[in-house]
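K.L.:
Sharing a structure with you now.
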Amino acid sequence: MQNKLLTATSSLAAALIGVEAPLPTIDFDKILTIVAGTYDYTASVDDEKEFNDSNLAEPLETFAQLLRKQYKQRARVLAISCGAGWEANFLMARGSDLVGIDTSAEMLRRASSRVPGGKFLQMGVQNLSFPPAETFDAIWSTRTLIHVPQALVVDLLASWKRVLKPGGILGLGVNIGERDGWETNEARSGPPMFYHYFADDELEEALEAAGYQVVDKAPITSKSNAAESRNFFVFAQRSDTGLDKTTYSHSVQYDEHEKRRAVQPEDLEPVIALLLRTGSLTPEEQANLCLLYDQLALRDRTDENRFKLAAQKLKLHLQTPETLFTEDFAVWLAMGALHLKLAQYSQATSCLEQALRLRPGHFATLVRLSYAYDGLKDFDKAIATAHTAERLPKQSQVSDEEGAELYHALGHYYINRSLSANNAASVQDRETGDHYMQLACSTGKNGYMYIGGLASIYNETKRFSQTIQLFDTFVENEKTRADEKLENALYLYRAEAGIGTDRYANAREYLAHVERYARANQDWDALAHAKLYQIRTELRLRDVAELSSDEIRSHLSVLYEHEPSPYVAESFKLDRENIISILSAFYLVNQFINAQVPPEAFDVILTLAIYHLEKMYERYERSEERRLGLLIFADNPGAVPGALYKYNCGPHLYRFDEVGTVLSEGEMHQFKVWAILALTGEASASTLSAITFAIGRFSQEGYTIYIYDPKRVLPEFVRKSLNDFCVDSIEEIAQFTYINMLYDQARDYLSSTRSSFTIDITPSGLGSSNLDLLPIEGEVR
């Protein structure tokens, strides 16, 4: 399917992020995914070009000489964005052992074929997931930084120091020029590509800011370099300097009263810059870099772009026990908490399990680890871990506020588990969840803050009347009105209850309140929630299939304009992505039905629509196996082609002469999609008459019926009367049947009040903003 999608301009991006979506400028993972897909598409073209010695031989030779000068034995080189392996082959021929990484599977296939002695791995440049003991003498990269947004270059380079030995050589190739942003190669009808070309001295400055020392430069002066774009190479060495503790301590003050380290908001960037340009950070210093980026994101929360950019930078520096070695409990607690905030549940679990191993029975670690298990949908482990925290002895000195947080978590876990099953145990789980959530609301002086959690589980279990009663009881409460964020959450849940009870005017009113709050407080994630629920309300009022292309485009535009930050709960992100997938699919189908695209593009448009609906289906469908119900009548059942079953169709097959008999009558009423296959002409006039009557009768009741008659077996008057049902191939029936199933799933999804069948929760009392910066060796107080 991927090749077919890539034959249309920008269709890869449309598949990844939605029809007519603005291409990402900050979300580094999405940018690199699109770039990798584009390289998959262009691999054959790029590989046909001969290796351009005039451009690359000179800098590669310089790099090889630096390695020979520094290392007496064979240097171990990491080729980042190794492409089809031309440069890797050059370096291995000059005495290096090589590991190449790339995100493009097609490029890696070609590299492995070209350089059989090399080791090639599919790995993202933003996530060098090598174990702590696996480091390299040098790094070579010529295709990476030109696809990285300028604002992330320094942090990306700094993150590479973890796998480069102290004093190791870094060879980088970039382009000097003014290209900056997304471009599409219309001449090759190719997908988009992100470019960032560098200004003079920009790369050298970035390297120094990231903790490297420039040792050589190699501007390319060949005729192949156009004036508007020049190849440029820089060679640098990883600095081995430690953190300047004196400068660091001037900004990181220890508050004797609060018993914690603090950095003034205006000092966050200078301290982060100091850590980035340090050659070698200790694990504690690495954790502090991450904590400072989290604080920077919170400080810049009202500036949407700066807020999201800080979160992207944080993701570049977070580590796990698989990539960093330390026995410092505080490092893993901090790393785990930050992964958890970003809904990176697997990484959070790894960090927090390590922290718990180092300090068994630590309350805050147990609670955070239970959140991570819940995010992974392992509700049994989440509940067991939370109960372990609950059973800690009283001398653990758990405060009422921490106890309320734990009860709040347990309430959600039990509700989540109750929704993943349908038996007597699930009823008991729901009652237990209610008990714990009510206990959270009544524990400690701040227990009232969990009223929103109670409303959430009522909505999740479709007890909307209880949400409405809860709202009416607490919305005018003095404590609620004093807590604007809680008040706003109650309005959101009340709007959701309005949608669930088909009171759409009420839902609109409450969502308007949420939007006013979000705009007044510049809370962009709250605004994203309000906008998504507003669109959900409209999609409950009108069948998505009835919307015009302009109406769908308007909904998509709103969703694209209000993209959530990486800090938003995973369930909300999935809901938003599902709504975008459904709207994108119906937009494309509208184009297909209304012939708004040239005939030669029909196949691609339909394939892309199916792709979007499949994405929604895979996120939403709970069962592991999908079965399509299709009723088939054939004049010769033994001649039915296997292509009809390509989408895992569950066939119910009858002969023509069994139409309307006791054998088929029940299934004729049960299955809403039929296929009539006249394959050999073996049917009597009376049988054809019965088929024609059945088609007319059931089509009037809304059934979808496809007729395949390649040999024109059916009488001409029958063919004319049923022309609208005729298809040209078995593949069309399989494809259209599959689309119908996906359509039904999409409508079922939109009819739900909330998409996810589990609830994501973010620790409120245990958020990373409450984590102290870690002490570092030699700091000055």
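K.L.:
Rounded if a/c is under 1.5, else prolate if a/b beats b/c, else oblate: with a ≥ b ≥ c from the C-alpha gyration tensor eigenvalues square-rooted, which is the range 226-350?
P.N.:
Rounded.
K.L.:
With an 8 Å Cα cut-off and a minimum separation of 6 or more residues, compute the relative contact order for the chain in percent.
P.N.:
Averaging sequence separation for qualifying contacts and normalising by length gives 10 percent for the chain.
K.L.:
At a 1.4 Å probe radius, which order do 435, 555, 339, 250 fall into by accessible area, largest first?
P.N.:
Ranked list, largest accessible area first: 250, 435, 555, 339.
K.L.:
If you don't mind, another one. Could you pull the Cα extents of the range 632-733 along its three principal axes, largest to smallest, in whole Å?
P.N.:
Principal-axis extents of the range 632-733 (Cα, largest first): 34, 29, 23 Å.
K.L.:
Could you point to the residue in 458, 592, 96 farthest towards the positive end of the chain's charge dipole, with +1 and -1 charges on the Cβ of Lys/Arg and Asp/Glu respectively?
P.N.:
Going by the Cα projections, it comes out as 96.
K.L.:
Let me ask something else about it. Considering only DSSP states other than H, G, I, E and B, which trypsin sites (Lys or Arg not before Pro) in the range 457-555 qualify as loop sites with at most 12 other Cβ atoms within 10 Å?
P.N.:
Qualifying residues, ordered by number: 542.
K.L.:
According to the square roots a ≥ b ≥ c of the eigenvalues of the Cα gyration tensor, what is the shape class of the range 95-186, taking rounded for a/c under 1.5, prolate for a/b larger than b/c otherwise, and oblate for the remainder?
P.N.:
oblate
K.L.:
May I ask for the net charge around residue 532, where only other residues with Cβ less than 9 Å from the Cβ of residue 532 are counted and Lys, Arg are +1 while Asp, Glu are -1?
P.N.:
Taking every other residue near residue 532 into account, the sum is +2.
K.L.:
Which of the helices in the chain, when you take each full DSSP H run, stretch at least 30 Å along the axis at their Cα atoms and have an average Kyte-Doolittle score of -1.0 or higher?
P.N.:
Span-like helices here: 570-593, 730-751.
K.L.:
Can you give me the pair-distance distribution of the range 687-754, C-alpha pairs, 5 Å bins, whole percents?
P.N.:
In order of increasing distance, the bins hold 3, 15, 21, 20, 17, 10, 6, 5, 2, 1, 0 percent.
K.L.:
Considering only 384, 348, 438, whose Cα is most displaced toward the positive end of the charge dipole of the range 308-443, charges sitting on Cβ of Lys, Arg (+1) and Asp, Glu (-1)?
P.N.:
Farthest along the dipole direction, towards plus: 348.
K.L.:
If you take every residue apart from residue 436 with its C-beta less than 13 Å away from the C-beta of residue 436, what net charge results, scoring Lys and Arg +1 and Asp and Glu -1?
P.N.:
Neighbourhood net charge equals -3.
K.L.:
Project the alpha carbons of the chain onto their principal axes and report the range along each, largest first, in whole Å.
P.N.:
Principal extents (largest minus smallest coordinate, Cα): 95, 74, 43 Å.
K.L.:
Can you give the net charge of the other residues whose Cβ lies under 9 Å from the Cβ of residue 336, counting K and R as +1 and D and E as -1?
P.N.:
Net local charge, residue 336 excluded: 0.
The values are calculated or read from the model by the stated rules, or taken from the named source; none is laboratory data. It should be emphasised that the depicted structure is a prediction, and the values quoted were computed from it without experimental measurement. Cβ: placed from backbone, ideal geometry, glycine included. Neighbour counts: every protein chain shown. The protein model used for the area step is the full one, side chains on, heavy atoms only, and it has no ligands, DNA or RNA in it. Shrake-Rupley method; radii C 1.70, N 1.55, O 1.52, S 1.80 Å.
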